[in-house]
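Enquirer: One structure, as structure tokens, below. Some questions next.
Taken together, the values in this text are just the output of simple stated rules run on the coordinates, not laboratory data. Treat the numbers as computed from the prediction; the structure is a model and nothing was measured. Positions of Cβ are backbone-derived with ideal geometry, glycine not excepted, and every protein chain shown enters the neighbour counts.
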Amino acid sequence: MGIKNKDLLSIHDLSVAEVFEILELAKDLKEKQRRGEQHHLLKGKTLGMIFEKSSTRTRVSFEVGMWQLGGTALFLSDRDLQIGRGEPIKDTARVLSRYVDGIMIRTFAHDKVEELARYATIPIINGLTDLLHPCQALTDIFTVQEYKSELKGRKMAFIGDGNNMVHALMHACAKVGMHFAVATPPGYEPQADMIAQAKQDAALYGTQVEVVTDPLLAAKDADVVYTDVWASMGQEAEQQARMKAFASFQVNSRLMQEAKPDAIVLHCLPAHRGEEITEEVLEGPQSAVFDEAENRLHVQKAIMALLMGKK
């Protein structure tokens, strides 16, 4: 279900035109904000924000974004909702649909987001699941566009865990004509069905998706080098095993020598300096990480305006 169908669960569900519609509106809204122009596209609207996973960037960017669009956001943890006491998702979906104009949910299981969308009569935004992180991936593409202008034919290399970020980025890159290479240790590859889905998209749009075990090979001639933490939320018990498995998958100055000289570095944050990325690279001249973090605000405003606003 794409923008026209009132939900954003996965970038795979969006058409190429819908992806570029989001990017175009995000650019417009960012320019308006920089000029100090009001853009109350959601005046009087309310977004319910369900958090079963905590977050800095997701909460602040959605909440501030709704305020800048003229609306209101409600923070709802699982301790604040009856979900935390066993109320079925379908009941929560139908009740909240009577109160608010849209729901953003950040949770663990992707099927929970799908069930919420199935029963809600208002737009549902996937703020993150263990399977996908579409808002972040759209933000990443927007950031690449700011730095590189032309997206088609560019190459993004992801170094690290084949996680929800990789799944979403594979879809996003395919839609905008970018090649995508991911390097993971054996056993940490992206899910097979996600790879197949991304390769299907890539074939349609003339791009390539590669999954390799050599980080230097993945980074070769890349325009964008991306990484994420080695142990995501909920994987703390695996921390030591992952530190050992990912030891040679650090984004550092040696790896950056394989990428193009003008390559940019992205990280969805929070970053563990000295683990998946060095301080030198994160704070260096090729880092676009904090522009990327800011852009969560602008891209998510575009998503909310398109889903919840008047056509």
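Enquirer: At 7 Å along Cα-to-Cβ for each site, give me the label-to-label distance between residue 196 and residue 112 in nm.
Expert: Taking the simple label geometry, residue 196 and residue 112 are separated by 2.7 nm.
Enquirer: Would you please give the residues with an amide H less than 5 Å from that of residue 46, counting only those at least 5 places away or on a separate chain, with H modeled from the backbone geometry?
Expert: Long-range HN contacts for residue 46: 72, 101, 102.
Enquirer: If you don't mind, there's one more thing I want to ask. Measure nothing fancy, just the Cα-based angle from helix 57-68's long axis to the longest principal axis of the chain, in degrees from 0 to 90, nearest 10.
Expert: 50 degrees
Enquirer: Okay, which of the range 179-200 sit inside 20 Å, backbone N to the point 7 Å along the Cα-Cβ direction of residue 208?
Expert: Inside the label zone: 179-185, 190, 195-200.
Enquirer: Right, something else. Which ³J(HN,Hα) values, rounded to whole Hz and listed in residue order, are derived for the range 263-274 from phi using the Karplus coefficients 6.51, -1.76 and 1.60 in 6.51 cos²θ - 1.76 cosθ + 1.60 with θ = phi - 60°, glycine and proline given as x?
Expert: Computed from phi, the couplings for the range 263-274 are 5, 9, 10, 10, 7, 6, 6, x, 9, 9, 4, x Hz.
Enquirer: Find the Cα radius of gyration of the range 136-290, compare it with 2.2 N^0.38 Å by division, and give the number to two decimals.
Expert: Details: Rg = 14.2 Å, N = 155, 2.2 N^0.38 = 15.0 Å.
In units of the 2.2 N^0.38 Å rule of thumb, it is 0.95.
Enquirer: Charges only on Cβ, +1 for Lys and Arg, -1 for Asp and Glu: so what's the dipole of the chain about the Cα centre, in debye to the nearest 20?
Expert: Working: 36 positive and 43 negative charges, 225 e Å.
The calculation lands at about 1080 debye.
Enquirer: Reachable aspartates and glutamates from residue 155, Cα under 18 Å, same-chain residues fewer than 8 places away excluded?
Expert: Within the straight-line limit of under 18 Å, residue 155 reaches these aspartates and glutamates: 140, 146, 201, 210, 214, 221, 223, 228, 258, 262, 292.
Enquirer: Right, another one. Once the piece of chain linking residue 20 and residue 40 is laid out straight, how much longer is it, given 0.36 nm per residue of separation minus the C-alpha distance between them?
Expert: Details: separation 20, 0.36 × 20 = 7.20 nm, distance 2.15 nm.
Here the answer is 5.0 nm.
Enquirer: What percent do you get for the relative contact order of the chain when only Cα pairs under 8 Å and 6+ apart count? Before the final figure, lay out each step's value.
Expert: On the way: 620 pairs, mean separation 61.3, N = 311.
That works out to 20 percent.
Enquirer: Between the range 164-240 and the range 1-70, how far is it from one alpha carbon centroid to the other, in angstrom?
Expert: Between the Cα centres of the range 164-240 and the range 1-70 lies a distance of 25 Å.
Enquirer: Determine ³J(HN,Hα), in whole Hz, for all residues of the range 95-108 in sequence, where each value follows from phi through the Karplus function 6.51 cos²θ - 1.76 cosθ + 1.60 and θ = phi - 60°; x replaces Gly and Pro.
Expert: 6, 4, 4, 7, 10, 10, 9, x, 10, 10, 10, 10, 8, 8
Enquirer: Quick one: 253, 55, fewest Cβ neighbours within 10 Å first, how do they rank?
Expert: Details: 253 11, 55 16.
Ranking 253, 55 by Cβ neighbours within 10 Å, fewest first, gives 253, 55.
Enquirer: For the chain, give me the percentage of DSSP beta bridges that are antiparallel, rounded to the nearest 5 percent.
Expert: Working: 0 of 37 bridges.
Taking every DSSP beta bridge within the chain, about 0 percent pair in antiparallel fashion.
Enquirer: Let me ask something additional. Using only Cα atoms, find the angle between the long axis of helix 110-119 and the longest principal axis of the chain, and express it within 0 to 90 degrees, rounded to the nearest 10.
Expert: 30 degrees
Enquirer: What FRET efficiency, computed as 1/(1 + (r/R0)^6) with R0 = 22 Å and r the Cβ-Cβ distance, is obtained for residue 67 and residue 31, rounded to the nearest 0.05?
Expert: Working: r = 19 Å, r/R0 = 0.84.
With a Förster radius of 22 Å, E is 0.75.
Enquirer: Mind checking which of 302, 259, 225 is farthest towards the positive end of the range 194-311's charge dipole, using Cβ charges of +1 (Lys, Arg) and -1 (Asp, Glu) about the Cα centre?
Expert: Ranked along the dipole, the leading option is 302.
Enquirer: Also, I was wondering about something else. Given the pairs 45/301; 32/175; 45/175; 6/90; 27/260, which span a C-alpha to C-alpha distance of over 19 angstrom in this model?
Expert: Working: 45/301 13 Å; 32/175 26 Å; 45/175 30 Å; 6/90 17 Å; 27/260 26 Å.
Violating the 19 Å limit, Cα to Cα: 32/175; 45/175; 27/260.
Enquirer: What angle do you read, to the nearest 10 degrees and between 0 and 90, between the alpha-carbon axis of helix 164-176 and the longest principal axis of the chain?
Expert: Between the helix axis and the principal axis of the chain, the angle is about 90 degrees.
Enquirer: Assigning unit charges at the beta carbon (Lys, Arg +1; Asp, Glu -1) and nothing else, what dipole magnitude in debye, to the nearest 20, does the range 136-290 show about its Cα centre? Could you put the intermediate results ahead of the total?
Expert: Details: 12 positive and 21 negative charges, 69 e Å.
It comes to approximately 340 debye.
Enquirer: Below 8 Å, C-alpha to C-alpha, sequence gap of six or more: please give me the relative contact order for the range 136-290 in percent. Intermediate results must be reported in sequence, preceding the final value.
Expert: On the way: 294 pairs, mean separation 36.4, N = 155.
Reported relative contact order: 23 percent.
Enquirer: What distance in nm separates the two pseudo spin-label positions at residue 54 and residue 149, each 7 Å out from Cα along the beta-carbon direction?
Expert: Simple spin-label model gives 4.4 nm for this pair.
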